[in-house]
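The values are calculated or read from the model by the stated rules, or taken from the named source; none is laboratory data. In this text the structure is predicted, and so the values were computed from the model without any measurement. Here the Cβ positions follow ideal geometry from the backbone for every residue, glycine too, while neighbour counts run over all protein chains shown. Remember, those area values only see protein heavy atoms, side chains included, never the ligands or the DNA or RNA. Shrake-Rupley method; radii C 1.70, N 1.55, O 1.52, S 1.80 Å.
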Amino acid sequence: KMAAAAGAAAAAGLWSEVNRCGQNGDFARALKSVNKILQINKDDVTALQCKVVCLIQNGNFKEALGVINTHTKVLTSDVIAFEKAYCEYRLNRIESALKTIQSASQQTDKLKELYGQVLYRLERYDDCLAAYRDLIRNSQDEYEEERKTNLSAVVAAQSTWEKVVPEDLGLREATYELCYNSACALIGQGKLNEAMKKLQKAEELCRQSLSEDSDVTEEDIEAELAIIHGQMAYIMQLQGRTEDALQLYNQIIKLKPTDVGLLAVIANNIITINKDQNVFDSKKKVKLTNAEGVEHKLSKKQLQAIEFNKALLAMYTNQADQCRKLSASLQSQSPEHLLPVLIQAAQLCREKQHAKAVGLLQDFADQHPANAAEIKLTMAQLKIAQGSVTKACMILRSIEELQHKPGMVSALVTMYSHEEDIDSAIEVFTQAIQWYQQHQARTNHGCCVFQPKSPVHLSLIREAANFKLKHGRKKEAISDLEELWKQNPKDVHTLAQLISAYSLVDPEKAKVLSKHLPSSDTMSLKVDVDALENSHGATYVRKKAGKLTGDNQQKEQGQGDVKKKKKKKKGKLPKNYDPKVTPDPERWLPMRERSYYRGRKKGKKKDQVGKGTQGSTTTGSSELDASRTASSPPTSPRPGSGAAVSATSNVIPPRHQKPAGAPATKKKQQQKKKKGAKGGW
């Protein structure tokens, strides 16, 4: 009895110590006292609970969970449910924490708070929103502001990752956390300018809040502002202000913030700005995305984006095996996602394996029909790059959900026209028009009622008609033009096109239709011609008519219908032109074909030495024949004869006279001398 009494007294003293240490926040010392109590009674439920709480307060979550699991008979789920779920949550065992909370017999306020946090980490935002609304509605304590902050964070996540338009929660943005979350929601909606203003307000509130504490330094304030500045830089990046964004990102990295999630996101964004440039900097930044604990700080979509960029960086740095490994891993995690297969195809194209890339894309399109459209567009692009335009058209036409789109029709018609396949281009128009006809019909009491054609439908019909007219398919264009005119009988332009087409096919029909054209009186425009011609910017201003004399007036009336002829410029005459001398009749012939052409002079002895056999001269036999005198009738010169002169006159023609006083040039002879004279023999 005395021993039991002594033990009870000792235990009472230890409990007093535990209580005092707990109030002072000295949980390490409190843990020692609790352990002494458990030595006295190892199954003391209160002592075990206190030990778990002390371990949690000291951050020893794994040890605390071990204590709970080894004393399951004593520490039942009803007793220790919150502490167990919290340890699992802090150890990133989120699914286990959810099961522990759901298995608890009584849902306390503490469990509900933790339940909201768990749902947020599991990205079950709708359930999380409902949980926080219930908490805010049914609780009134000093933590209300924190709950509203968490509620706004859920709304921001929905807007960013699920593209849900956020509802107005009516929260008063009195804290920088609420302003920051509101800015994130605006970014998700694409309202970047409004988001930037919210972030600037959040920065101002943050500085005011922290500056009130004298213990907080400027470095502490900058560290707290890092996440706000990071979001500002992201907005700049989205707005195309990449230089400003890059500068702000690097400033944040220099601060060395402790938040590994923030560093990973900033490093990833810098890599996206660098793209295939500055890859050395990107390889340094990618190490920040591999820090320990990053996977628990970011959402699944953020982590997925980082992995995609790692694969692209491997491709840009010519690490083909690494690129294939990363993209294959991504594809196994998300088999229906487009980016992994697109990265693999891009890598194959870099390796000049275009056919293999197209085959890979085709396999993916067959396995995932929902994403086939985007994949087939990429396949068509590869075919065009290879010069296979017709095959690209076949791929594009296989995308059923895009066949009727004006952009697709325009692209196909352009490509077929480039290939001079007019029939296929017309077929594309026909199929698109038929699609609109089928989808604009509706059944009403068993009768098919056609609504008026949509603007897109009519635009396609008009484009088809214009295309057919342009390529001489007037018969085919007539049905389209009739359909357009039927929809709008007042369209004079369409009627004129229809008459023009019928005039070559059925002139009688053209005459009948021409009666529907408006009369010239109705077509005339009431325009003041004088005012129009005298207006500012007119290219032609009519001169005021002066008084005409009788003769001039008759001349004006007689030549009113005759067009004025342009005055021809007087041709220039040679400087040595002499009107007394008869012009050379051979002046229009090339020089070599003229009778007086002597050939080029090649030295002083040209008259003595010829090009024939040695000893021969170039002097004509007619000059050596004494019987041939000036009175003798001249012989007819042969064109191209080097020694003959003009038979009609002994005067040099005006086109070949030298100006008076012009010195004889010796330029050619000087050039010959520079090269060095060679003997002609």
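Data table
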| quantity | calculated |
| --- | --- |
| Inter-residue pairs, beta-carbon under 9 Å, first touching a residue at least 12 places away in the same chain (Cβ under 8 Å) and within 15 Å of Asp259 (Cβ to Cβ) and in segment 223-248, second hydrophobic (A, V, I, L, M, F, W, C) and open to solvent by 70 Å² or more (accessible area, probe 1.4 Å), 6+ apart | Ala223/Leu255; Ala226/Leu255 |
| Residue among Val155, Val118 that is among the β-branched types (Val, Ile, Thr), modelled with pLDDT of 90 or more and touching a Pro at 6+ places or on another chain (Cβ under 6 Å) | Val155 |
| Answer residue from segment 410-440, given it is outside any helix (DSSP H, G or I) and more than 29 Å from the chain's Cα centre (by Cα) and is farthest from Glu463 (Cα to Cα) among those | Gln440 |
| All positions within segment 474-511 that are under 20 Å from Gln437 (Cα atoms), touching a Phe, Trp or Tyr at 6+ places or on another chain (Cβ under 9 Å) and among the acidic types (Asp, Glu) | Asp480 |
| Test set (1) of a type in the set (Val, Ile, Thr); (2) open to solvent by 50 Å² or more (accessible area, probe 1.4 Å); (3) at pLDDT below 90 - Ile80 fails condition number | (2) |
| The one condition in (1) closer than 23 Å to Leu98 by Cβ; (2) among the hydrophobic types (A, V, I, L, M, F, W, C); (3) buried (at least 21 other Cβ atoms within 10 Å of the Cβ) that Ala47 fails to fulfil | (1) |
| Yes/no for Lys356 being within 24 Å of Tyr316 (Cα to Cα) and not in a helix (DSSP H, G or I) | no |
| Unique residue being within 36 Å of the chain's Cα centre (by Cα) and modelled with pLDDT of 90 or more when the list is Asp168, Asp126 | Asp126 |
| Matching entry among Ile270, Ile235, Ile227, Ile187 (being open to solvent by 30 Å² or more (accessible area, probe 1.4 Å) and either part of a loop (DSSP other than H, G, I, E, B) or closer than 22 Å to Trp161 by Cα (or both)) | Ile227 |
| Test: residue in segment 106-114 that is without any contact (Cβ under 8 Å) to a residue 40 or more places away in the chain, closer than 19 Å to His296 by Cα and assigned to a loop (DSSP other than H, G, I, E, B) | no |
| Qualifying position, being modelled with pLDDT of 90 or more, in a helix (DSSP H, G or I) and small (Gly, Ala, Ser), among Ala305, Ala365 | Ala305 |
| Filtered residue count, segment 470-495, keeping only those that are in a helix (DSSP H, G or I), among the acidic types (Asp, Glu) and under 18 Å from Pro518 (Cα atoms) | 1 |
| Lys198 vs. criteria among the charged types (D, E, K, R), buried (at least 20 other Cβ atoms within 10 Å of the Cβ) and under 24 Å from Gln302 (Cβ atoms) | yes |
| Single match in Ile433, Ile399, Ile426 (criterion: crowded, with 17+ Cβ neighbours inside 10 Å, over 17 Å from Ala465 (Cβ atoms) and at pLDDT below 90) | Ile399 |
| Segment 273-283 - residue that is without any contact (Cβ under 8 Å) to a residue 40 or more places away in the chain and in contact with a helix residue (DSSP H, G or I) (Cβ under 8 Å, 6 or more places away or on another chain) and, of those, surrounded by the most Cβ atoms within 10 Å (Cβ to Cβ) | Ser282 |
| Residue under evaluation Glu374, criteria (1) of a type in the set (Asp, Glu); (2) within 23 Å of the chain's Cα centre (by Cα); (3) outside any helix (DSSP H, G or I), criterion not met | (3) |
| Subset of segment 132-152 (residues that are among the hydrophobic types (A, V, I, L, M, F, W, C) and open to solvent by 20 Å² or more (accessible area, probe 1.4 Å)) | Ile136 |
| Filtered residue count, segment 372-383, keeping only those that are open to solvent by 30 Å² or more (accessible area, probe 1.4 Å) and touching a Lys or Arg at 6+ places or on another chain (Cβ under 9 Å) | 1 |
| Test for Lys256: is it over 21 Å from the mean Cα position of the chain (by Cα), open to solvent by 60 Å² or more (accessible area, probe 1.4 Å) and under 28 Å from Val118 (Cβ atoms) | no |
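Conditions tested, residue by residue: (1) touching a residue at least 24 places away in the same chain (Cβ under 8 Å); (2) over 30 Å from Glu219 (Cβ atoms).
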{"residue": "Tyr125", "(1), (2)": "yes, yes"}
{"residue": "Gln140", "(1), (2)": "no, yes"}
{"residue": "Glu144", "(1), (2)": "no, yes"}
{"residue": "Ser152", "(1), (2)": "yes, no"}
{"residue": "Val165", "(1), (2)": "yes, yes"}
{"residue": "Asn193", "(1), (2)": "no, yes"}
